[in-house]
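All remarks here apply to the structure that follows.
The values are calculated or read from the model by the stated rules, or taken from the named source; none is laboratory data. Everything quoted here is computed from the prediction, not taken from an experiment.
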Amino acid sequence: MVEFDKPYIAERITSGCRKTYRVQIRRRVDGKQRSLCKTFRHLKNAKTWRNKKLAEIELHGFLPHTSQLGNRLIFHCIPVLE
């Protein structure tokens, strides 16, 4: 991994000699370490995602990724029609 001057973003070189950008945001919530991480091929996309997630954390606190909640939310929100 290469040191990079962008907060929360690390530049990585793949085995195919391509650059990728890994965004990792960590916070301690209720005594437990929480982390969000995603890898991008383009720095612009990595910055956009980082800024969006930091704004969401500032606004709503550190929430789990929506895909972790998806099935439970659908299960509880959609009524069963008989």
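Residues that are at pLDDT below 85 and not hydroxyl-bearing (S, T, Y) are absent from the range 11-18.
Being of a type in the set (A, V, I, L, M), over 14 Å from the mean Cα position of the chain (by Cα) and not in a strand (DSSP E or B) is the filter here; which residues of the range 29-49 pass it? Within the range 29-49, L43 is the sole residue that qualifies.
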